[in-house]
């Protein structure tokens, strides 16, 4: 019997990655933690403030409102994009040139830079020069996303649906294509209806794909910044101001590093918590 | 995999931003290479080629570019020769400076930087980026102590900030001290019309203007001169259609064009133009002297003392509060009135798209030919609105519009400032190594020297020198500029000034304005509630500055007292007027020009 030799040299193999992660994640994170307990006004003007910024952030009514707004937005995004994406994937062609054509068309919004997406919708929604906005006004609707909170909210939501539903559709499509034909053949032999095929074959087989889609869309929509910033700037009022805009204003606009650091840590923990909850729930649903 | 990446993005994108300022140690030989000026509307100019060895030829090569000039040929040669001689210790040094993106700075970046490199051998990269990005770079250097740019063209709105933090070099000391050997003998600081803007309470000059433009009243002179419209206006309002002297007249004229005239030559017209998108530029709409136009603040130039146009009260150079309860005026009746009028006019008289526009989107709109007047118009747009072929330009190239002093609100009194003047000024930070500061100072002086300043004025229409404004070349060109020259030649221009010394931390305080204004625009908050919130937030920031301490004149907040103890008292915030809409007053444009002579 060959005796295994123990060698700690193997640890050296993961050293580069450890260093990389330290520089890209741990050091910045610790810097943020350090800043979050100080009031920093200059290189030589710092005051230790303990948990003052955390208390302030957690008690700020504007942030409570932004958090609620963010949550509603993310849940709305999931409620629309998931069934829509799934539906689109189900009707997508399975063979021939139409497959390539559909994939290219669907992928187009995903290829457009986020700030350009914002600019497109900013112009599209305008009632004077935008095709969408002008059309709505012509139909007799009092649409003005620059002045009306509901219109602004809906514009941002529709823009996100346009931008990201293709991602869900493509993910689901790849999941559907991975289902072995034998399942469909068995269902056909049993005379299963289309609904039964979807309910008992396609949906269970798409579970992992849907978990990824939900996590991706939740996290991305929870961190949304560029598109609403370009389209509405967070307005009118605060109607489309999401958490990331508060953070940007504090950290970049005001250079208010202490409160911004505390806020970014809380923001990070929120996302971590929600993703954990989603992941756990989805796994249990799958197992159950 | 992407999900993990996204986790990281959530926390570490912010962390990365914040960590850029993580090191506080000064770098003795900091380089300028860390900065990058890549953002929308940005660029840079530098001379890549090796400078010619025979630099005396460069003088003759570049002199034709610097015409016209208030200097004679020999005087120009002498100035350029000085730069060549003074630059000898710094030949081949690479320096980096930055400014905002306007025509003047683009000219500096693309032409003057190249000329300076060929003349002196100092390699200059002059980046131009958005104003907000300039402040961000400056803040980063101030917070980290690491050299990012060797000099900044930074608005003198930050004079109170620079002075109090002690991070900026006092140029007046530098010019007579360690920078004496690199200071142009013919710089003539007293020739600068904006010298007082860059002067701190200690009497020292910290920022020297490189370009200036004012915030003026803009109107369609051709429409205002039409007899049919004049008669119609007089019939309705009982006084002449002309340049409004007060806000009542402005409002009447706005109402007249939007709701009575409605169309001119078959095209819908509006009596007012503005912008209201929730955006940092919405803050400029207010911090750039809007409140002083309404009448917020005390008498005093360039800024009111003890209370300035931000409503910040100063006692013995220490800011003591902005709330009325502390003696400030940010939530006073005059301040609330100014916000209420802005919102009312935006909604009632401006095009329906205006509330969704930013500063830069709204700027060119008057040039489309359907705006009758604009109370808050930056003269930086002069060149853009003078382009041949525009609906607002005559066939002979002269403008159909004019600019004039802005009207004032009912709270305004003689002796107060009346408008805003943007003064982008050369600013040097202590954290830049001395040799780099010297080289950059040479370039800075070159861009504002009498040799090039008049040519630069014609390029960007941002005058800085009295000698240029009064020159024959400018007299000859005046008719093309719709009143710009007349304004700058008049003593009226002294009432147009930037943010002043009362503001202890411009970046932190300025960012508080636009979110609050935006909430008032939608009606989520009343103008009073929005200004109350703003005043409290400004006081909170000043309390933090007081706690942390500043190098000079840190805030010392007054204890809060009932508003009644301050309102209407001498040097206190103004009490509410019984009548905020007195009778409108106007003045014929020609009479106005006469009064300026």
*Please specify each residue of the stretch B:110-166 satisfying the condition of being modelled with pLDDT of 95 or more, assigned to a loop (DSSP other than H, G, I, E, B) and farther than 30 Å from residue B:59 by Cα.*
B:147, B:148
*For residues that are part of a helix (DSSP H, G or I) and touching a strand residue (DSSP E or B) at 6+ places or on another chain (Cβ under 6 Å), scanning just the stretch B:83-105, find the one that is surrounded by the most Cβ atoms within 10 Å (Cβ to Cβ).*
B:105
*Kindly indicate whether residue B:289 is away from every other protein chain (no Cβ under 14 Å), in contact (Cβ under 8 Å) with a residue 24 or more places away in the chain and either on the phi < 0 side of the Ramachandran plot or in contact with a helix residue (DSSP H, G or I) (Cβ under 6 Å, 6 or more places away or on another chain) (or both).*
no
*Of the numbered conditions (1) at the interface with another protein chain (Cβ under 7 Å from one of its Cβ atoms); (2) in contact with a helix residue (DSSP H, G or I) (Cβ under 6 Å, 6 or more places away or on another chain); (3) at pLDDT below 90, residue A:286 satisfies every one except a single condition; which is it?*
(1)
*Give the number of residues within the stretch B:293-321 that are in contact with a helix residue (DSSP H, G or I) (Cβ under 9 Å, 6 or more places away or on another chain) and within 27 Å of residue B:579 (Cβ to Cβ).*
11
*Yes or no: residue B:526 within 13 Å of chain A (Cβ to nearest Cβ), crowded, with 23+ Cβ neighbours inside 10 Å and either touching a strand residue (DSSP E or B) at 6+ places or on another chain (Cβ under 8 Å) or farther than 20 Å from residue B:158 by Cβ (or both)?*
no
*Positions within the stretch B:347-366 being within 14 Å of chain A (Cβ to nearest Cβ) and free of Cβ contacts under 8 Å to residues at least 24 places away in the same chain, in sequence order*: B:347, B:352, B:353, B:364
*Among (1) in a helix (DSSP H, G or I); (2) more than 9 Å from every other protein chain (Cβ to nearest Cβ); (3) closer than 30 Å to residue B:530 by Cα, where does residue A:224 come up short?*
(1)
*Filter the stretch B:556-584 for residues that are surrounded by fewer than 17 Cβ atoms within 10 Å (Cβ to Cβ) and under 30 Å from residue B:221 (Cα atoms) and give the result.*
B:581, B:582, B:583
*All but one of (1) within 14 Å of chain A (Cβ to nearest Cβ); (2) surrounded by fewer than 24 Cβ atoms within 10 Å (Cβ to Cβ) hold for residue B:369, so report the exception by its number.*
(1)
*Would the stretch B:338-346 turn up any residue that is away from chain A (no Cβ under 14 Å) and under 26 Å from residue B:200 (Cα atoms)?*
no
*Pick from A:265, A:257, A:243, A:247: which is buried (at least 19 other Cβ atoms within 10 Å of the Cβ) and in contact with a strand residue (DSSP E or B) (Cβ under 6 Å, 6 or more places away or on another chain)?*
A:257
*State yes or no: is residue B:297 more than 14 Å from chain A (Cβ to nearest Cβ) and without any contact (Cβ under 8 Å) to a residue 40 or more places away in the chain?*
no
*Restricting attention to the stretch B:303-325, does a residue exist that is within 30 Å of residue A:148 (Cα to Cα) and assigned by TED's automatic domain parsing to the domain that holds residue B:534?*
yes
_Could you list, ordered by first residue, the pairs with Cβ atoms under 7 Å in which the first is in the stretch B:101-116 and within 8 Å of residue B:460 (Cβ to Cβ) and the second is part of a loop (DSSP other than H, G, I, E, B), at least 6 apart or interchain?_
B:103/B:383; B:104/B:462
*Quickly run through the stretch B:132-164 and pick out the residues that are over 19 Å from residue B:198 (Cβ atoms), at the interface with another protein chain (Cβ under 9 Å from one of its Cβ atoms) and in contact (Cβ under 8 Å) with a residue 12 or more places away in the chain.*
B:132, B:140, B:143, B:144, B:145
*So how many residues does the stretch A:227-262 have that are at pLDDT 90 or above and more than 8 Å from chain B (Cβ to nearest Cβ)?*
12
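The values are calculated or read from the model by the stated rules, or taken from the named source; none is laboratory data. None of these values were measured; they are calculated from a predicted model. Glycine gets a Cβ as well: all are built from the backbone with ideal geometry, and neighbour counts include every protein chain shown.
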